[in-house]
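One structure is given below, encoded as structure tokens.
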Amino acid sequence: MSINEYNAVRPLRDPNACESELPAPLVLLEDGGVTSAKGFKAAGIHAGFRADPDRKDFALIVADEPCAAAGTFTTNIFCAAPVIVSKEHLDDVSYGMARAMIINSGIANAATGTIGLENARESARLAAEAVGCTQEEVLVASTGVIGQHLDTEPFKDGLPIAVASLSAEGGHDAARAIMTTDTVPKEYAVQFSGDGLGFDGVTFTVGGMAKGSGMIMPNMATMISVVSTDAPVKANDLHDALVEAVNVSFNKITVDSDTSTNDTCIAFASGAAALGSVAMEKGSKAFQVFASALRAVCSGLARQMATDGEGATRLVTVNVTGARNEEDADKAARTIANSPLVKTAIYGHDANWGRIAAAAGRSGAQFNQECVSIDIMGLPVCRQGLTVPFSEEEALKRFQDPEIVLDVDLGAGNAQTTVWTCDFSHDYVTINGDYRT
């Protein structure tokens, strides 16, 4: 079965089913996405990167004016040509000014050498010409098969169509256009009031879109995501807030422990909700609320990615508490989340806590097994490192929940963290075995 055939029959899940409770004063924006903030338009079309004419494969996001932009990128040594070019366009410091972003799906333009770089730069030039900005104001991203050269003809044919299709409602089409093995588009947006923050009467929005279903365990980056806000934020401050948000969201998910060659997260800040206002001062109450909104959007998108992991049937949340320090908490949580034995046990609805304990034990985190407690979906299964009698029938009932929560207390300190993953099913092998066919 090919990926397209699989996705055609795979039951779709509600992309907001993994929505977490928002802290005040943030409010979830229904049907929100990357163009919910003022000052942005987008389009998603079929440009010809994929053979299927009914499948969108090219996204264009455009700010009304050049604005602050910041990015985080993959640390994979085999980083793709568009990653290199986008870094260059952000002055090699990962922040600056930009006007537009283009994303193609189908071909990753990774491991393509100088030809790949030339094609990425040419795509930026063509986009700049179509949008009406400088080449350096265009950021680029690609997703798809590694090692194949990117044809620039679809850019020539598709860009005029995409520009003509730009609209404030086009974010939904853009979110679909960047999908690869994703089964649902991933969008999220929140709003907050500027009252009492020095921006009385102003409502600010932070929204975004993302793609990601497999080859997911980023490091200081994400899969491919674009986030926008109409809050007035300086580029360097936007970068600081983005790095912080990414570290507690996209960097806390894993589907299969693989880090992509193309991971890119870009944030734009138009300031259009408060034109003429001074930028939010870093450290101010306004900036703190904005940073909270950015974290909420990134976390919402990250949880959707874990929910839509390739072949997944369950979102899995791994909470580790009682760690000696943050590093140990992350080691334990990430090792549990990445364990094929843990992930397959969840798929099989098996409350086998020994697999969780074994993963924590080999993680490199320092603790005493006699101090460990483990709960599966609120059901105590291990205390002081020893088994606790529990009802297998009750455990089986709880495995019907769409989100499986694993709580592990290492009993070694006060540090804690949360990592999101998904289960491993037979279909994960099917999807990745047929990826190029």
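The values are calculated or read from the model by the stated rules, or taken from the named source; none is laboratory data. Please read these numbers as outputs of a predicted model, since none were measured by experiment. Here the Cβ positions follow ideal geometry from the backbone for every residue, glycine too, while neighbour counts run over all protein chains shown. The area values use the complete protein model at the heavy-atom level, side chains included, leaving out ligands, DNA and RNA. Shrake-Rupley method; radii C 1.70, N 1.55, O 1.52, S 1.80 Å.
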Region 114-185: translational diffusion in µm²/s, Stokes-Einstein, Kirkwood Rh over Cα pairs, 20 °C, 1.002 mPa s: 158
Whether region 60-129 is rounded, prolate or oblate, judged on the alpha carbon gyration tensor where a/c under 1.5 counts as rounded: oblate
A correct Kirkwood calculation over the Cα atoms of region 229-318 returns a hydrodynamic radius in Å of 14.5
Starting from the Cα of residue 157, move 7 Å in the Cα-to-Cβ direction to define the label point; list residues of region 101-117 whose amide nitrogen is under 19 Å from there. 103-109
Subtracting the Cα-Cα distance of residue 65 and residue 31 from 0.36 nm times their residue separation yields 9.8 nm
Kirkwood Rh over Cα pairs of region 97-250 into Stokes-Einstein at 37 °C, 0.692 mPa s: D in µm²/s? 191
Taking the convex hull of the Cα atoms, report for region 265-348 its projected area averaged over all directions, in nm². 8.4
Helix-only CD estimate at 222 nm, as mean residue ellipticity for the chain, using -39500 (n - 2.57) per DSSP H run (n ≥ 4): -9500 deg cm²/dmol
For the chain, the helices passing both cut-offs (Cα extent along own axis of 30 Å or more, Kyte-Doolittle mean at least 0.5, full DSSP H runs) are 285-307
What are the extents of the Cα atoms of the chain along their three principal axes, listed from largest to smallest and rounded to whole Å? 67, 55, 35
For the chain, what is the accessible area per residue in Å², given a 1.4 Å probe and the full set of protein chains? 39
Distance histogram in 5 Å bins (all Cα pairs of region 250-409, percent per bin): 2, 8, 15, 17, 16, 13, 10, 7, 6, 4, 2, 1, 0
Can you pull out the trypsin sites (Lys or Arg not before Pro) in region 50-138 whose DSSP state is coil and whose Cβ has at most 14 other Cβ atoms within 10 Å? none
Please give me, ordered by residue number, the GluC sites (Glu not before Pro) of region 124-190 that lie in loop per DSSP and have at most 15 other Cβ atoms within 10 Å. 169
Counting alpha carbon pairs within less than 8 Å and at least 6 residues apart, what relative contact order, in whole percent, applies to the chain? 18
Each residue of region 264-279 in turn: what ³J(HN,Hα) in whole Hz from Karplus with 6.51, -1.76, 1.60 and θ = phi - 60°, glycine and Pro shown as x? 8, 10, 10, 10, 10, 10, 7, x, 6, 6, 9, 4, x, 7, 6, 5
Quick check: the distance between the Cα centres of region 334-391 and region 115-131, to the nearest angstrom? 49
For the chain, give me the percentage of DSSP beta bridges that are antiparallel, rounded to the nearest 5 percent. 70
Can you give me the % of accessible surface on the chain that is carbon or sulfur? Probe 1.4 Å, all protein chains present, nothing else counted. 50
Can you give the charge dipole size of the chain about its Cα centre, rounded to the nearest 20 debye, using +1 on the beta carbon of Lys and Arg and -1 on the beta carbon of Asp and Glu? 360
Please work out the FRET efficiency for the pair residue 388 and residue 288, using the Cβ-Cβ distance as r and a Förster radius of 41 Å; give the result to the nearest 0.05. 0.50
Here are some pairs, 38/87; 234/331; 156/234; 56/186; 38/186; which of them have Cα atoms lying more than 22 Å apart in this structure? 38/87; 234/331; 156/234
Cα gyration tensor shape for region 322-386, rounded if a/c is under 1.5, else prolate or oblate: oblate
Rg over Rh, two decimals, region 18-103 (C-alpha only, Kirkwood Rh): 1.03
Of 236, 338, 104, which has the largest mean-square fluctuation in a 10 Å C-alpha GNM of the chain? 236
Can you find, among 60, 333, 168, the residue sitting farthest towards the positive end of the charge dipole of the chain, where Lys and Arg contribute +1 and Asp and Glu -1 at Cβ? 333
Phi-based couplings in Hz for region 167-175 (Karplus 6.51, -1.76, 1.60; Gly and Pro marked x): 7, 5, 9, x, x, 5, 5, 4, 5
